[in-house]
Amino acid sequence: MTTTVDTASPTYHENREALLEKIDDLAEQHAKALAGGGEKYVARHHKRGKLLARERIELLLDEGAPFLELSTLAAWGTDFPVGGSLISGIGVVEGVECMIIANDPTVKGGSSNPLTVKKGLRAAQIAAENRLPTINLVESGGADLPTQKDIFIPGGATFRNITQSSAARVPTVALVFGNSTAGGAYVPGMSDYVVMVKEGAKVFLGGPPLVKMATGEESDDESLGGAEMHARVSGLADYLAVDERDAIRLGRQIVRRLNWRKQGPTPKASYAEPAYDPEELLGIVPSDLKVPFDPREVIARIVDGPEVDGGTGFDEFKPLYGSSLVTGFAQIHGYPIGILANAQGVLFSEEAQKAAQFIQLANQTDTPLLFLHNTTGYMVGAEYEQGGIIKHGAQMINAVSNSTVPHISVVMGASYGAGHYGMSGRAYDPRFMFSWPNAKSAVMGPAQLAGVISIVARGAAEAKGMPYDEDGDKQMRAFIEKQIEEQSLAYFTSGLLYDDGVIDPRDTRTVLGICLSAIANAPIEGARGYGVFRL
Ligand code: COA
């Protein structure tokens with residue numbers, strides 16, 4: 001593997017400065033999620049002698065173990081607070097990789113708004129697909145009542161997922177620190193193991209006011225749903241914790257006894273670090289998405305380096321064919337991986353067919369796939385339509401859709417049009433999907449989209465025999481371009497849970513390593529059959 005990156009060139013420095021600025025901004029956006037409900041609610045929570053959700057997670061994790069937080073920017077660009085009043089991520093507890101889901105009680109009492117539900121369901125999907133035991137850290141006011149119409153019905157899947165995880169022999173643990181009311185009572189209700197904090201947990205279908213309204217009965221929190229009552233009387237609590245730290249200790253004790261065994265591949269015991277410094281990724285990616293870059297330079301900074309025993313960093317497949325898509329095999333943190341990376345942006349018929357073949361090869365050998373997006377989509381124009389670009393794109397999409405090895409997608413730049421689909425975009429269920437802060441995902445580029453609308457509007461006016469308002473057209477194009485630009489940004493798509501997080505490009509290798517290790521909790525088996533390939 002060789003590099004042509006000149007770290008002394010002005011372009012390298014310009015790219016680096018531009019990306020560092022975006023990474024600084026990313027930290028600012030993340031800070032919004034870290035702030036939870038803000039100083040007032042954080043101070044009140046501490047004053048009550050309670051730990052914050054992130055403090056609970058920190059104490060739960062093995063010392064020094066990584067925590068891959070997911071969907072941190074959930075709700076970005078919506079009316080709801082950034083973070084979605086929930087924290088989710090993969091962390092190591094007693095040596096076991098677990099999905100950790102924690103309500104943030106400083107945000108609207110930890111109640112669930114539509115983005116909270118979406119984030120929780122995504123976390124459950126990741127846990128199910130990768131066979132990760134789940135630990136719920138519960139303290140929630142239940143449904144965010146003003147938004148109930150958007151959450152009540154879909155939110156029901158939260159509880160179904162917990163029991164389906166148990167049926168799949170993937171354990172679930174609920175540590176209840178505070179309120180867990182109404183539907184929320186089914187989080188402990190459906191879990192395999194339940195710990196409740198004395199004088200903290202309150203688990204009931206209806207609190208005292210609701211009971212009074214429903215039956216006229218006078219009651220109090222403790223007799224209706226206190227931890228002592230559930231531990232001694234109802235039997236819903238398996239363990240009574242004397243305080244929050246004790247609950248966390250009990251949670252760790254439970255995981256220690258799970259006798260958890262990963263069913264996937266074990267990584268190579270030793271492997272080399274990348275051939276080139278990941279720091280250099282910052283200077284490789286141009287700030288202008290229209291400027292192409294060689295994805296081999298990216299690959300060389302995220303995959304394991306050449307090994308002494310004859311392995312190479314990256315074994316490129318079909319390097320002389322379909323050069324706008326780079327394909328090949330490599331290893332990341334000792335795990336084998338097949339990589340598809342866009343080079344020049346556009347996907348032609350050759351690239352689509354090369355991808356379809358490569359994906360099948362990876363399935364034949366049970367090798368997970370990494371998709372590095374930087375595409376403007378499939379080529380358009382009479383020559384390409386006549387050459388069968390739809391059929392060839394369909395072959396790639398067929399291969400991606402029916403592939404059963406785990407996929408991971410990273411949007412390094414543009415991810416436009418059906419190229420987003422062919423490269424295993426969100427709707428194609430990659431196990432994990434991340435974006436770099438400079439990434440953009442949309443049906444097409446903002447200027448192109450505004451131009452298409454303008455051409456259509458002009459045609460419609462002509463058909464009616466009406467004059468076309470040129471000034472209005474200019475304004476409309478500017479407005480649409482701005483709107484699409486904003487809606488294509490990584491923060492925005494991440495806010496809607498269209499990826500699992502926006503990451504610093506320099507962290508890509510680490511993030512991929514954690515994902516591949518999490519993926520290895522489940523067996524990996526390539527597809528035995530595909531849909532009919534339209535030839
Ligand atoms: N929906 C919408 N907003 C809610 C909410 C809910 N379920 N629960 C709490 N909030 C809001 C409060 O209105 C308050 O907003 P504000 O600070 O802007 O005035 C904020 O969250 C904090 O609530 P507060 O009651 O001050 O916090 P607390 O820590 O003392 O108590 C609860 C938290 C959850 C115990 C308490 O708010 C509660 O009982 N909520 C209703 C629970 C319920 O019955 N849910 C039914 C769901 S189906």
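What the Cβ-Cβ distance of Ala460 and Glu14 gives, at R0 = 51 Å and to the nearest 0.05, is a FRET efficiency of 0.75. No solvent, one uniform scatterer per C-alpha: report log10 I(q)/I(0) for the chain via the Debye equation at q = 0.10, 0.12 1/Å, two decimals. Each listed q corresponds, in turn, to -0.86, -1.15. Under a model in which nothing but the beta-carbon of Lys, Arg (+1) and Asp, Glu (-1) is charged, the stretch 446-487 shows a dipole of about 120 debye around its Cα centre. Greater than 18 Å separation of Cα atoms is the criterion. Which listed pairs, Lys119/Lys440; Lys40/Lys108; Lys32/Lys108; Lys50/Lys202, meet it? Among Lys119/Lys440; Lys40/Lys108; Lys32/Lys108; Lys50/Lys202, the Cα-Cα distance tops 18 Å for Lys119/Lys440.
Of all beta bridges DSSP finds with both residues in the chain, what is the antiparallel percent, to the nearest 5?
If I count the DSSP bridges inside the chain, around 40 percent turn out antiparallel.
For the stretch 387-394, the Karplus equation 6.51 cos²θ - 1.76 cosθ + 1.60, evaluated at θ = phi - 60°, returns couplings of x, x, 4, 5, 4, 6, x, 5 Hz by residue, with Gly and Pro reported as x. Summing +1 for each Lys or Arg and -1 for each Asp or Glu among the other residues whose beta-carbon sits under 13 angstrom from that of Gly322 gives -1. Computed in the context of the full set of protein chains, the accessible area of the chain at 1.4 Å probe radius has 55% of its extent on carbon or sulfur. Our estimate of slack between Val380 and Arg257, defined as 0.36 nm per intervening residue step minus the Cα-Cα distance, is 38.5 nm. The residue among Gln483, Ile453, Ala463 whose Cα reaches farthest toward the positive pole of the charge dipole of the stretch 446-487, with charges on the beta-carbon of Lys, Arg, Asp and Glu, is Ala463. Each peptide among 404-415, 439-450 gets the average number of other Cβ atoms lying within 10 Å of its residues, and from highest to lowest they stand as 404-415, 439-450.
Full extension of the chain segment joining Tyr271 with Phe533 gains 90.5 nm, where the gain is 0.36 nm per residue of separation less the Cα-Cα distance. Evaluated with a Cβ-only charge set (Lys, Arg +1; Asp, Glu -1), the stretch 364-509 carries a dipole of roughly 220 debye about its Cα centre, given to the nearest 20. Ranked by the mean number of other Cβ atoms within 10 Å per residue, highest first, peptides 16-26, 176-186 order as 176-186, 16-26.
Which whole-number value in Å² is the accessible area per residue of the chain, probe 1.4 Å? Present the calculation step by step, with values, prior to reporting the outcome.
Working: 24010 Å² over 535 residues.
Heavy-atom accessible area per residue stands at 45 Å².
Coupling constants for the stretch 82-99 follow from the phi torsions by the Karplus curve (6.51 cos²θ - 1.76 cosθ + 1.60, θ = phi - 60°), and in residue order they are 4, x, x, 6, 8, 10, 9, x, 9, x, 9, 10, 6, x, 10, 6, 10, 8 Hz; glycine and proline get x.
How much net charge surrounds Tyr378 when only the other residues with a Cβ under 15 Å from the Cβ of Tyr378 are counted, with Lys and Arg +1 and Asp and Glu -1? Can you show the working numbers first?
Working: positive: Lys354, Lys391, Arg534; negative: Glu350, Glu351, Glu383, Glu385.
Net of charged neighbours comes to -1.
For an R0 of 51 angstrom, estimate the FRET efficiency from the Cβ-Cβ distance between Glu350 and Met476 and round to the nearest 0.05. Each step should come with its number before you reach the end.
Numbers: r = 38 Å, r/R0 = 0.74.
The pair Glu350/Met476 has a calculated efficiency of 0.85.
Placing +1 on the Cβ of every Lys and Arg and -1 on the Cβ of every Asp and Glu, with nothing else charged, gives the chain a dipole about its Cα centre of roughly 1460 debye. For the listed peptides 452-458, 103-109, 225-231, a ranking on the average number of other beta carbons within 10 Å per residue, highest first, reads 103-109, 225-231, 452-458. Rounded to the nearest Hz, the phi-derived 3J(HN,Hα) couplings of the stretch 173-187 under the Karplus curve 6.51 cos²θ - 1.76 cosθ + 1.60 (θ = phi - 60°) are 10, 10, 10, 9, 9, x, 4, 8, 10, 6, x, x, 5, 7, 5, where x marks glycine and proline. Each of Ser349, His45, Gln164 was scored by the projection of its Cα onto the charge dipole of the chain, and the greatest displacement toward the positive side belongs to Gln164; charges sit on the C-beta of Lys, Arg, Asp and Glu.
Mean residue ellipticity at 222 nm, helices only, the chain: -12000 deg cm²/dmol; runs of at least 4 DSSP H residues each add -39,500 (n - 2.57), and the sum is divided by the number of residues.
For the pair the stretch 67-120 / the stretch 200-260, the C-alpha centres are spaced 22 Å from each other.
Extension gain Ala168-Asp429, at 0.36 nm per residue separation less the Cα-Cα distance, in nm?
Working: separation 261, 0.36 × 261 = 93.96 nm, distance 1.97 nm.
Here the answer is 92.0 nm.
Its alpha carbons considered, the stretch 14-256 gives a radius of gyration followed by a Dmax of 18.0, 71 Å.
The values are calculated or read from the model by the stated rules, or taken from the named source; none is laboratory data. Just so you know, these numbers come straight off a predicted model, no measurement behind them. Cβ atoms come from the backbone with ideal geometry, glycine included; neighbour counts cover every protein chain shown. Remember, those area values only see protein heavy atoms, side chains included, never the ligands or the DNA or RNA. Shrake-Rupley method; radii C 1.70, N 1.55, O 1.52, S 1.80 Å.
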